[in-house]
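Data first, discussion second: the structure below is written as structure tokens.
The values are calculated or read from the model by the stated rules, or taken from the named source; none is laboratory data. Since the model is a prediction, treat every value here as computed from it, not as a measurement. Cβ atoms come from the backbone with ideal geometry, glycine included; neighbour counts cover every protein chain shown. All accessible areas refer to the heavy atoms of the entire protein, side chains included, with ligands and DNA or RNA removed. Shrake-Rupley method; radii C 1.70, N 1.55, O 1.52, S 1.80 Å.
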Amino acid sequence: KRNIYELYKQPTYITYHNPASRKITVEIIINYWNVLSSSKRNTYEIFLLLKTLTLEKYYKSIVIYLSSGEVKKLELIRLILEKKKFWILDEPYNHLDDKSIAILNQTFIDHSNNGGMILFASHFNPNIDNLEILDFNWYDYIKKNITVF
């Protein structure tokens, strides 16, 4: 229902394997993303994001000392910093606790309500109204479409 061609100009892609460098601090990586995306987020707004995701105490920590869930939450901060309209995510719910899942669900709802579009692959079925699910059963597809000699 949205102009998909306009949305293609606006992608943010977050992979399953978190590309955040594990050898630098949370502060450096967030500032890097902030500058790279020309974000207007100030330090106060960034700390509110970190506090919401219970990451504020790791601001000066090296990323390698964060858990998998904390690194995932750190990566998801890019969605807010980059302010793109089209989000593509691979397994965004992996390693998240219940509180973080609820925050991510609400973030998805807010983004969609503000004209954004989200495409994600997940083994987790979030409780979000009006979610359109495309169920790909790759095993059946391969079984029907591959000839074995």
Options ILE142, ILE128: the member that is open to solvent by less than 90 Å² (accessible area, probe 1.4 Å), at pLDDT below 90 and over 17 Å from LEU79 (Cβ atoms) | ILE142
Can you work out which of the residues in the stretch 77-116 that are basic (Lys, Arg) and in a loop (DSSP other than H, G, I, E, B) is most open to solvent (accessible area, probe 1.4 Å)?
-> LYS83
Hey, TYR16 among the aromatic types (Phe, Trp, Tyr), under 18 Å from the mean Cα position of the chain (by Cα), more than 24 Å from ASN130 (Cα to Cα) and at pLDDT below 90 or not | yes
What's the number of the condition SER39 fails, among (1) open to solvent by 80 Å² or more (accessible area, probe 1.4 Å); (2) touching a Lys or Arg at 6+ places or on another chain (Cβ under 8 Å); (3) part of a loop (DSSP other than H, G, I, E, B)?
-> (1)
Residues of the stretch 53-69 classified as over 16 Å from ILE28 (Cβ atoms) and open to solvent by 20 Å² or more (accessible area, probe 1.4 Å), total | 5
